Amino acid sequence: MNLNLKAEEKNTYDAIVVGTGISGGWAAKELTEKGLKTLVLERGPMVTHPNYPTATKDPWQVDYRGRPTQEDLKKQEKQSRTGYTTRQDIKHWFVNDLENPYTEVKRFDWMRGYHVGGRSIMWGRQSYRWSDLDFEANAKDGIAVDWPVRYKDIAPWYEYVEKYAGISGTTEGLSQLPDSVFLPPMELNCVELDLKKSMKDKMARDLIIGRVAHATAPVPQSPLRGTCQFRNLCSRGCPYGGYFSSVSSTIPAAEKTGNMTLRPNSIVHGLIYDEQKGKATG
C-alpha cells in the first residue's frame, strides 16, 4: 500500500455556505452548479428528503391528534403565541424556546429551525413579487432610505427563482402585485368564487387565489421533486416534494453535482480570515 504522506492534511473549498435554509440551500445549488467545491455547514441534525417523521401519519397515530397540550401552552409561553409551533405533529421542527431562550425588548416571535433545511421546511410558502409601489415607497414618503434598485432591476431574478421554485397562481395584471411565472393555480371553491364576484361588482376589489410555492404541475427545472397532493399536511414536511424547500429541491440538486460537502451538527461561531491570502482558513 502506498501512502502520500506529503499531501495536505486539510480540505480546501472554493466557497463555504453557513446554514441550509432557503438562502443557504439556494447558495449551495448555485455555487456547486457553477463548478465550485462548496462546504455547507448546518448547526442542526441531518434531515433527508423524504424522511419527515409525521408526514404520513393519520391523526390517531399522533398524540392528542396532533394538538398542543395545555402543559406545553402554559410552559412555552413564547412559542404558544403562534398557536401552532407546539403542536404534537410538528413541534419537532421548531426550536424549544426554553432550551434556547432569547430576550425581548418588545414582542418578537422568533420561530427557529435548527436542522438541515432550516425554516424552508416550515415556511408558509406564500410567494409574491414586490412592485414599484414597494421599491419607491421610502422615497415618496420621505422616510428611511430609498431602495437602490427598482422593480425592473429585480424582475429577471424573480423569474429566475420562480421557474425553479415553482409558484402556482393566476395572471391578474395588477400593478400593485406583479404577475409571476406561474404553475396552474389552486382553484377557488364555489363560495370563494361568489365572494370574488361580489367584491368585484360592489367594491371594485380583486380577490385572487394565493400565490404559493407548490408544484401543482411538474417543475422542469427541478425534476427531483414530485407534485402537490393537496393533503393539507404541509406543516409536517412533504415527502412528495410538493412544496419548495431546501431539503426537497436545492440541497439534492447541489449534491447531484458532486461538488458539495454537507456537514450537519456544525455550529459556526466565527470566521478565521487570512489577510494575506484574502480567504477564510477556518
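The values are calculated or read from the model by the stated rules, or taken from the named source; none is laboratory data. Note that the structure is a prediction, hence the values are computed from the model and not measured. Every residue, glycine as well, gets a Cβ built from its backbone with ideal geometry; the counts of neighbours run over all protein chains shown.
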Do we have Trp93 as at pLDDT below 95 and within 30 Å of Ala215 (Cα to Cα) here?
-> no
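Among helices (runs of 4 or more DSSP H) lying entirely in the stretch 12-84, which contain 3 or more residues that are in contact with a helix residue (DSSP H, G or I) (Cβ under 8 Å, 6 or more places away or on another chain)? Before you say what the answer is, go through the steps one by one.
Values: elements: 22-33, 70-75, 77-80.
Answer list for the stretch 12-84: 22-33, 70-75.
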Counting only residues that are closer than 19 Å to Ile267 by Cα and more than 14 Å from the chain's Cα centre (by Cα), how many does the stretch 12-27 have?
-> 6
In this structure, is Asn265 closer than 22 Å to Pro50 by Cα, assigned by TED's automatic domain parsing to the domain that holds Glu33 and part of a loop (DSSP other than H, G, I, E, B)?
-> yes
Restricting the first residue to the stretch 61-74 and requiring it to be at positive phi and in the same structural domain as His92 (by TED's automatic domain parsing), which pairs with a second residue that is surrounded by fewer than 14 Cβ atoms within 10 Å (Cβ to Cβ) and of a type outside the set (Gly, Ala, Ser) meet a Cβ separation below 7 Å and a spacing of at least six or different chains?
-> Arg65/Pro59; Gly66/Pro59
Out of all the residues in the stretch 215-230, which are more than 17 Å from Asn189 (Cβ to Cβ) and not aliphatic (A, V, I, L, M)?
-> Pro218, Pro220, Gln221, Ser222, Pro223, Arg225, Gly226, Thr227, Gln229
Which number in (1) among the small types (Gly, Ala, Ser); (2) crowded, with 18+ Cβ neighbours inside 10 Å; (3) not assigned by TED's automatic domain parsing to the domain that holds Arg67 marks the one condition that Ser246 misses?
-> (3)
